[in-house]
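Here's the structure we're looking at; comments come further down.
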Amino acid sequence: MSRIMAGPTRVLYCNCTYAQVVPKEVKAAVLKKLCESGVAFEAVADLCEMSARQDAALKRLAEGGAIKIAACYPRAVKWLFAAARAPLPQDGTEVLNMRIQTAEDVTSAILNPEVKPNLPAGKTEAPSEKPSELSNLKSQIPVGEAATISNDPTSLADSAPRTPHAALQS
């Protein structure tokens, strides 16, 4: 695995606001340590929601050079960016998994100037369907299943009102 140390590494912190799959204690400890460190970072409410909206900020983040991302599984982060047509650089992205790593491990890796790329290998092409074609797929779901999906309280489509992502810099 190659290691990159050229130039300042950008840091992205995902608060996982809507899916709430990252332990609250880990998120809080990582965010606190980042704020105390003096390292410039960008915080977003939820990468999943940004990907669903194809937020232009994802393209900016993907094209800006080496980046460390505190979020969840590397494969999930890779595909969230790819689905938004903003593939991450394979050799310049390190994803720290707050779902399974300790806050200490995540912050230690973020504060280390060395980037240890860990995106899984493979294609990073976004789905070829246009958003309008994707919405038409719902019409192909049997009626009973569509009702179950749309009534799911954890569904992003039915979640509470969205808040725009926030950018924090120390």
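Quick notes
Residues checked against (1) in a strand (DSSP E or B); (2) at positive phi; (3) free of Cβ contacts under 8 Å to residues at least 40 places away in the same chain; (4) crowded, with 19+ Cβ neighbours inside 10 Å:
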{"residue": "Val22", "(1), (2), (3), (4)": "no, no, no, yes"}
{"residue": "Lys27", "(1), (2), (3), (4)": "no, no, no, yes"}
{"residue": "Leu34", "(1), (2), (3), (4)": "no, no, no, yes"}
{"residue": "Glu49", "(1), (2), (3), (4)": "no, no, no, yes"}
{"residue": "Gln54", "(1), (2), (3), (4)": "no, yes, no, no"}
{"residue": "Leu58", "(1), (2), (3), (4)": "no, no, yes, yes"}
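- Yes/no for Lys24 being touching a helix residue (DSSP H, G or I) at 6+ places or on another chain (Cβ under 9 Å) and charged (D, E, K, R): no
- Residue within segment 39-46 that is under 9 Å from the mean Cα position of the chain (by Cα) and either surrounded by fewer than 21 Cβ atoms within 10 Å (Cβ to Cβ) or not charged (D, E, K, R) (or both) present: yes
- Across segment 5-36, the qualifying residues are those that are at pLDDT below 95 and of a type in the set (Ser, Thr, Tyr), and the one among them that is nearest to Glu63 (Cα to Cα) is Thr9.
- For segment 64-106, a tally of residues being β-branched (Val, Ile, Thr) and crowded, with 23+ Cβ neighbours inside 10 Å returns 5.
- Residue match in segment 75-83 (condition: in a loop (DSSP other than H, G, I, E, B), over 13 Å from Arg10 (Cβ atoms) and either touching a helix residue (DSSP H, G or I) at 6+ places or on another chain (Cβ under 9 Å) or of a type in the set (Phe, Trp, Tyr) (or both)): no
The values are calculated or read from the model by the stated rules, or taken from the named source; none is laboratory data. As the structure is a prediction and not an experimental result, all values here were calculated from the model. Quick reminder, even Gly has a Cβ in these numbers, built from the backbone with ideal geometry, and neighbours come from all protein chains shown.
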